[in-house]
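The values are calculated or read from the model by the stated rules, or taken from the named source; none is laboratory data. Treat the numbers as computed from the prediction; the structure is a model and nothing was measured. In this analysis, Cβ positions are derived from the backbone assuming ideal geometry, glycine residues included, and neighbour counts consider all displayed protein chains.
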Amino acid sequence: MTVTLRSLETAVPPTILIQEEARDVFAAQPGLTRLGQRLVRTCFDSAAIDTRHTAVRELSTDFRGDNPMFYDDASGLLLNPTTKERNDLFAAEASPLFIEAATKALAAATGISAADITHVVTVSCTGFFNPGPDYKVVRALGLHPSVQRYHLGFMGCYAAFPALRAAKAFCEADPEAVVLVVSVELCSLHVRTSNDPDTIMGSSLFADGAAAAVITARELPLSGPVIELDHFETVLTPVGEDSMAWNIGDHGFEMVLDTYVPKIIDEHIVGALEPLLAKTPELRAFPYGSIRHWAIHPGGRSILDKVQAKLDLSDEQLVPARETLRRYGNMSSATVLFVLKHILEQPAEEARANICSMAFGPGLTVETGLFTKVSPALVPHQDAVLAGHA
């Protein structure tokens, strides 16, 4: 049985942050030491990010309003709202993004309607509310009230993989299942001014975005490129438990992102890939670069540099990850889905092409997936009729 991701759509808040402008705001905050100012400029300038999106409208250079909560344009000061205030904004701003991304994914899934959805899996680590985003999606899209709902919360940047893996398991258990996966992360709600290197690094990298996918094993016509979900693996590196973490503080969620993380990935990425590639011996026998597409979560520029060098991947193979980072920043769990969408939209050179995908998160956890991009324009007609072939 083949489980297929039949549509993949994204959404972002309208407010855009220009990296240089954001850098200057953070660097100008009172209370920064000279070292803190240098770290702000270094982190922002070396992030390989041009623009990011944020749900915090106050951070827009065009925004004017009374009683600011996050940023006072008149004084240029970054403010420090409580965790409750930040979470209240999450509840208000995340719901529309969950609904927008889900609506777009459902509309793009040829042959599937709202009545076909059997499961909804939502993902976020940047806020909480209940009835939650899974409920909001069911109500807004007019899904059947008996749809099974699951929410994966507070897992971090790798959480799209458990969501996709769960969707695959649901479809393998019931060949008629149709699963809607939706990830929304509003990381910018938790930025703050600080001399702490981890906090500065997070402020220079993290952003807001949403992605949604429709997944099924049903036999349906191929109208555009799709992704077959072949294999997943999870690996915990032997070190790094304290090097990447996500904690709840009194004034927002607090990121721990040690500068040692790229070194950990460099030392353990080959071992993390071994159990995944062992499931496809013909791939394991060849250099990593022989796998055409690489959907790597761009946790930061240095992480991508380490992965590329260690696996001897070409600049072209890193384009989807680097372009996602440059245009959108790190949107936590949604980011790797943006990278996969970039790969889906690339002109196809062959009917079937392998994709190796990975993301990193607290633990240090490495989630990996092996997929196949199917391009119907290059598939013989008799094979292009069914995506869910046995």
Worksheet item: Could you give every pair whose Cβ atoms fall below 8 Å, whose first residue belongs to region 221-242 and is in contact (Cβ under 8 Å) with a residue 40 or more places away in the chain, and whose second residue is surrounded by fewer than 20 Cβ atoms within 10 Å (Cβ to Cβ) and assigned to a strand (DSSP E or B), counting only separations of at least 6 or pairs across chains?
Response: Ile227/Thr372; Glu228/Thr372; Asp230/Thr372
Worksheet item: Which ones in region 41-69 are under 24 Å from the mean Cα position of the chain (by Cα) and of a type in the set (A, V, I, L, M, F, W, C)?
Response: Cys43, Phe44, Ala47, Ala48, Ile49, Ala55, Val56, Leu59
Response to the item:
When region 45-64 is checked residue by residue, the ones that are closer than 19 Å to Phe90 by Cβ, of a type outside the set (A, V, I, L, M, F, W, C) and surrounded by fewer than 20 Cβ atoms within 10 Å (Cβ to Cβ) are Arg57, Glu58, Ser60
Worksheet item: Hey, among Glu85, Glu20, which residue is surrounded by 15 or more Cβ atoms within 10 Å (Cβ to Cβ), at pLDDT 95 or above and of a type in the set (D, E, K, R)?
Response: Glu85
Worksheet item: Consider Ser194 against the criteria (1) of a type in the set (S, T, N, Q); (2) assigned to a strand (DSSP E or B); (3) surrounded by fewer than 24 Cβ atoms within 10 Å (Cβ to Cβ): it satisfies all of them except one. Which criterion is unmet?
Response: (2)
Worksheet item: If only one of Ile265, Ile248 is exposed (fewer than 13 other Cβ atoms within 10 Å of the Cβ) and of a type in the set (Val, Ile, Thr), which one is it?
Response: Ile248
Item to complete: Of all residues in region 180-202, count the ones that are within 22 Å of Pro14 (Cβ to Cβ) and at pLDDT 95 or above.
Response: 9
Fill in: Single residue of region 235-245 satisfying the filter (in a strand (DSSP E or B) and surrounded by 19 or more Cβ atoms within 10 Å (Cβ to Cβ)) that is modelled with the highest pLDDT
Val235
Worksheet item: Given the conditions (1) in contact with a Phe, Trp or Tyr (Cβ under 8 Å, 6 or more places away or on another chain); (2) at pLDDT below 95; (3) small (Gly, Ala, Ser), which single one is not true for Gly31?
Response: (1)
Practice prompt. Can you give me the number of residues within region 268-282 that are farther than 29 Å from Cys43 by Cβ, in contact (Cβ under 8 Å) with a residue 40 or more places away in the chain and surrounded by fewer than 17 Cβ atoms within 10 Å (Cβ to Cβ)?
Written response: 3
Worksheet entry | Flag if Val120 is hydrophobic (A, V, I, L, M, F, W, C), farther than 20 Å from Phe360 by Cβ and under 22 Å from the mean Cα position of the chain (by Cα) | yes
